[in-house]
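Comments concern the structure below.
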2 protein chains.
Amino acid sequence: MIEIQAAVAKVAKYAVSESGDTLEMIERPGGGLSLVLTDGQGSGAGAKALSHLAARKAVSLLADGVRDGAAARATHDFLYAHKKGRVSATLNIVSVDLITNTIVISRNSHCPVIVADPVSLHVYDQPCQPIGIYPRTKPVITEIPIAPGITAVIYSDGVLHAGERTGQRLDVVAALEDLLQDRYAAAQAVADGLLAAAVARDRGRPGDDVSVVVVAVRPRPDTTDTVRRLSMTFPIL
Amino acid sequence: MIEIQAAVAKVAKYAVSESGDTLEMIERPGGGLSLVLTDGQGSGAGAKALSHLAARKAVSLLADGVRDGAAARATHDFLYAHKKGRVSATLNIVSVDLITNTIVISRNSHCPVIVADPVSLHVYDQPCQPIGIYPRTKPVITEIPIAPGITAVIYSDGVLHAGERTGQRLDVVAALEDLLQDRYAAAQAVADGLLAAAVARDRGRPGDDVSVVVVAVRPRPDTTDTVRRLSMTFPIL
């Protein structure tokens, strides 16, 4: 008896009101869910409009049942055609596919994806390109069977570059080893913990938009509880 | 210093693996978010395909910046045209609009929407039609200024009809008065509480898909915490 936990923690670059990263989540038509994280080049309103456009395209394809790799290719083609190869964005798709019983991670980003299983942490950092600027760009895809104790962590630039200005770059793997000492740690605790570590390295003033997405497979304590839950908070004013 | 909390609790009809209700959430292009809840006629796979189709259409229009009332009308027109007026679905849209600083609730459902302010509970149950079957169907729209202590509660049939089989129908307003004695109660606690009350009236075996959506405006205890958070759990196997 297991459950899927998905969690996102997200904060804008210091003194910028709007994060240039976009995160969208949808239910897959065959069951399960997909999370899409995009980071548009630059920051502020322009980056936001770009990342929103790319995320919406990917999500709408996934909602139509398009497979993840094809959705990533199509989102690139769309951006490349409409923006004439002049703007780039990163695109990450994490899907919990209940037909194949796998977690599918599609990467078009220089940020690695990290997957913990009960034994070790795996860093997926194969070379790949962002979408939007090179013809025929395709994603790097990783597929992992759904099993208790699996935790997939996706993050944006703000985590990768945290601490660079102060010469104290964040060691993401070490931070996650620490947060995942208990391999059944709640997804939200892992997301909040990694985001906090990144922001701390930037002395509370993030030099870029920071987003962390965590998808975790966990044992279900109460097997009679079949309720799905979704919770969201965001500060305003 | 306030925050928006959105929470969903959702369970399928007893002995049916898949809920016929669909809930989707998106970020609005102008800021804020929209939640869309649809309930397709019938139950099981057919109802699910229908509610998914309607929800996807509404969400994709909202993501393009279409105003809520127009998105509801267009979703009806789409369903009516494609299904030739032969299938119906309920459609509720709740939006937190940061341009107008209001919560906008669009109703095409026989289920009332309940809004609590710090003083009293308001039941919005003006007559309206589901989408898909009558020509030129339009939504009933309610707009409420964003202010601390506001709680909007949207629910599906499973809550409305809870307890009918046993002759002990759930009094939704009384249940919410109880859950909202503290008008700053967390959105997730309100959603979980109403869902639990509905399921209890059906003696643990819901006679229909049960979905509860809560959007709440709350004071923000830590004003330096500007992190957005999203959390999701769903049981599998």
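Any read-out appearing in this document is the output of simple, stated calculations on the displayed coordinates, not a laboratory observation. It should be emphasised that the depicted structure is a prediction, and the values quoted were computed from it without experimental measurement. Counting neighbours? That spans all protein chains shown, and the Cβs are built from the backbone with ideal geometry, glycine included.
Dividing the mean sequence gap of close Cα pairs (under 8 Å, 6+ apart) by how many residues region B:117-212 holds gives a relative contact order of 32 percent.
Projecting the Cα atoms of B:A175, B:G158, B:V199 onto the dipole axis of region B:136-214, where Lys and Arg carry +1 and Asp and Glu carry -1 at the beta carbon, places B:G158 farthest toward the positive end. Phi angles of region B:222-234 translate, via the Karplus equation with coefficients 6.51, -1.76, 1.60 and θ = phi - 60°, into HN-Hα couplings of 9, 6, 8, 7, 9, 6, 8, 10, 9, 9, 9, 10, 9 Hz per residue; Gly and Pro are given as x. Local charge for A:A71 was computed over the other residues whose Cβ lies under 10 Å away, with Lys and Arg +1 and Asp and Glu -1, and equals +1. From zero outward in steps of 10 Å, how is the percent of C-alpha pairs of region A:133-211 spread across the bins? Spelled out per bin, shortest first, that is 17, 40, 29, 14, 0. Each of B:A47, B:P29, B:T142 was scored by the projection of its Cα onto the charge dipole of chain B, and the greatest displacement toward the positive side belongs to B:A47; charges sit on the C-beta of Lys, Arg, Asp and Glu. Which of rounded, prolate or oblate describes region A:95-181 when judged by the alpha-carbon gyration tensor and an a/c cut-off of 1.5? The shape class here is oblate. Just report the Cα centroid separation between region A:171-237 and region B:1-38, whole Å. Result: 21 Å between the Cα centres. Two tests apply to each whole DSSP H helix in chain B, Cα reach of 24 Å or more along its axis and mean Kyte-Doolittle hydropathy of at least 0.0, and the ones passing both are B:45-63.
Positive end of the dipole of region A:55-98 (Cβ unit charges, origin at the Cα centre): among A:L62, A:N92, A:H82, the Cα lying farthest that way belongs to A:H82.
Here the Karplus relation 6.51 cos²θ - 1.76 cosθ + 1.60, evaluated at θ = phi - 60°, turns the backbone of region A:96-105 into coupling constants of 9, 9, 7, 8, 8, 6, 9, 9, 10, 10 Hz, with x for every Gly and Pro. With Cα atoms as the point set, region B:1-113 shows a radius of gyration and Dmax of 14.3, 49 Å.
Across all Cα pairs in region B:101-237, the calculated P(r) in 10 Å bins from zero up to the longest distance comes to 11, 36, 35, 16, 2, 0 percent per bin. For chain A, the percent of C-alpha pairs falling in each 5 Å distance bin, counted from 0 to the bin holding the largest distance, reads 1, 7, 15, 19, 20, 17, 12, 6, 2, 0, 0.
Measuring max minus min along each principal axis, the C-alpha atoms of the protein assembly as shown give extents of 66, 44, 42 Å (largest first).
For region B:30-150, a simple Cβ point-charge model (Lys and Arg +1, Asp and Glu -1, everything else neutral) yields a dipole of about 640 debye relative to the Cα centre. Using equal-weight Cα scatterers in the Debye expression, the normalised intensity of region B:185-227 in log10 at q = 0.14 Å⁻¹ is -0.46. Here the dipole of chain A is about 780 debye; that uses its Cα centre as origin and unit charges on the Cβ of Lys and Arg (positive) and Asp and Glu (negative). Here region B:34-77 is scanned for amide nitrogen atoms under 20 Å from the site 7 Å beyond the Cα of A:D64 along Cα-to-Cβ, giving B:49-66, B:74-77. Label-point distances for B:G167 to the equivalent site in the other copies, using a point 7 angstrom along Cα→C-beta, read 8.1 nm when ranked shortest first. Dipole magnitude for the protein assembly as shown: about 1320 debye, using +1 per Lys or Arg Cβ and -1 per Asp or Glu Cβ, origin at the Cα centre. For the pair B:K83 and A:V123, a Förster radius of 60 Å applied to the C-beta separation gives a FRET efficiency near 0.80, rounded to the nearest 0.05. Is region B:61-144 rounded, prolate or oblate when judged by the Cα gyration tensor, a ≥ b ≥ c being the square roots of its eigenvalues, rounded requiring a/c under 1.5 and prolate requiring a/b larger than b/c? Here region B:61-144 falls in the oblate category.
Lysine pair count for chain A with Cα-Cα distance under 26 Å and sequence separation of 8 or more or different chains is 14.
Taking Cβ atoms as reference points and 14 Å as the exclusive limit, the residues near A:R205 contribute a net charge of 0, counting Lys and Arg as +1 and Asp and Glu as -1. With both labels modelled 7 Å from their Cα along Cα-to-Cβ, the A:A49 to B:E177 distance reads 5.1 nm.
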